[in-house]
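Everything on this sheet refers to the single structure shown next.
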Amino acid sequence: MSEPVIELEKVSLHLGEGASAVHVLKEVSLSVESGHSTAIVGPSGSGKSTLLMVIAGLESVDRGSVRVAGQELTGLGEDAVAAFRGRTIGIVFQSFHLIPNMTALENVAVPLELAGHPDPFGLAAKELAAVGLKDRVTHYPGELSGGEQQRVAIARALAPAPAIMIADEPTGNLDQTTGRQIADLLFDKARERGTTLVLVTHDTGLAERCDAQVAMRSGRIEAMPEAALAADAG
């Protein structure tokens with residue numbers, strides 16, 4: 001059994017303030033092993049995407065411990081978390097989040113350049129070729145199909161060689177055929193590189209391809225199989 005790369009212990013999080021505050025995560029504990037794929041499933045509003053954002057350090061928790069790749073994120077400053085995320089976590093969103101006035105090559109290269117990589121454009125070209133976009137590097141997002149835009153997003157997420165890749169409904173804006181191709185690409189690249197993959201999905205078929213599933217309801221982990229993953233709803 002490999003070491004856990006993600007460890008959450010009794011994590012609670014409210015979003016909003018005062019009377020409008022919503023208790024989004026309630027005493028969530030979770031352990032994910034390195035190199036495994038995990039699907040977070042559950043109804044809308046159950047806290048799935050928020051849990052993903054906590055793992056990525058994009059949301060700070062009210063209580064509990066968040067440890068990712070050996071780094072305790074709780075209490076870490078915003079700049080330090082951002083630097084850690086840039087090195088350690090690749091993120092793929094449902095809506096791609098590409099910069100419209102940058103080419104595919106620039107969308108992948110610029111984050112690398114900002115992080116001080118010695119050859120950002122060379123690496124970006126290599127990563128785009130690896131996701132099947134060798135001939136599309138000079139195209140802008142508006143000139144690419146949805147599937148191609150998600151391939152650019154995957155190349156951008158993989159380029160820093162992160163230990164963890166998280167994906168929030170990565171096939172949600174795509175038709176069934178294209179979604180299956182993108183899912184194949186995500187799993188293939190994660191397996192090739194030994195990357196831990198954590199994804200949120202409503203797609204039962206996609207979830208079943210993962211090594212383990214975490215089911216959420218009303219901010220708690222409701223049920224989960226005994227495999228590759230251990231969790232406790234508090």
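The values are calculated or read from the model by the stated rules, or taken from the named source; none is laboratory data. Since this is a predicted model, take the numbers as computed values, not measurements. All Cβ positions, glycine included, derive from the backbone under ideal geometry; neighbour counts span all protein chains shown. Keep in mind that these areas ignore ligands, DNA and RNA; they rest on the heavy atoms of the full protein, side chains included. Shrake-Rupley method; radii C 1.70, N 1.55, O 1.52, S 1.80 Å.
Contact annotation: residue pairs with Cβ atoms under 7 Å, 6 or more positions apart or on different chains, pairing a residue in segment 69-84 that is closer than 18 Å to Leu8 by Cα and of a type in the set (Gly, Ala, Ser) with a partner that is part of a loop (DSSP other than H, G, I, E, B) and at pLDDT 95 or above, are Ala69/Ala163.
Yes/no matrix, rows are residues, columns are (1) open to solvent by 20 Å² or more (accessible area, probe 1.4 Å); (2) closer than 22 Å to Gly172 by Cβ:
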| residue | (1), (2) |
| --- | --- |
| Val28 | no, no |
| Gly35 | yes, no |
| Val41 | yes, yes |
| Gly64 | yes, no |
| Phe84 | no, no |
| Val92 | no, yes |
| Asn107 | no, yes |
| Leu112 | no, no |
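For segment 103-119, the criterion of being hydroxyl-bearing (Ser, Thr, Tyr), touching a residue at least 24 places away in the same chain (Cβ under 8 Å) and within 19 Å of Thr88 (Cβ to Cβ) is satisfied by no residue at all. Being of a type in the set (Val, Ile, Thr) and over 16 Å from Ala207 (Cα atoms) is the requirement here; does Thr50 meet it? Yes; evaluated as a whole, the condition is true for this residue. Against the definition (aromatic (Phe, Trp, Tyr), modelled with pLDDT of 95 or more and over 30 Å from Lys10 (Cβ atoms)), how does Phe121 come out, yes or no? Yes, satisfied.
Quick check, is Glu59 in contact (Cβ under 8 Å) with a residue 40 or more places away in the chain, in a loop (DSSP other than H, G, I, E, B), out of contact with any His (no Cβ under 8 Å at 6 or more places or on another chain) and of a type outside the set (Ser, Thr, Tyr)? So Glu59 passes the test.
For segment 164-216, a residue qualifies if it is within 11 Å of the chain's Cα centre (by Cα) and of a type in the set (Gly, Ala, Ser), and exactly one does: Ala167.
Quick grid of which residues meet (1) open to solvent by less than 50 Å² (accessible area, probe 1.4 Å); (2) in contact with a strand residue (DSSP E or B) (Cβ under 8 Å, 6 or more places away or on another chain); (3) at pLDDT below 95:
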| position | (1), (2), (3) |
| --- | --- |
| Met1 | no, yes, yes |
| Val11 | yes, yes, no |
| Ala19 | no, no, yes |
| His23 | no, yes, yes |
| Thr38 | yes, yes, no |
| Ser44 | no, no, yes |
| Val54 | yes, yes, no |
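Name the residues in segment 205-232 that are more than 18 Å from Ile164 (Cβ to Cβ) and at pLDDT below 90, would you? Result: Glu222, Ala223, Met224, Pro225, Glu226, Ala227, Asp232.
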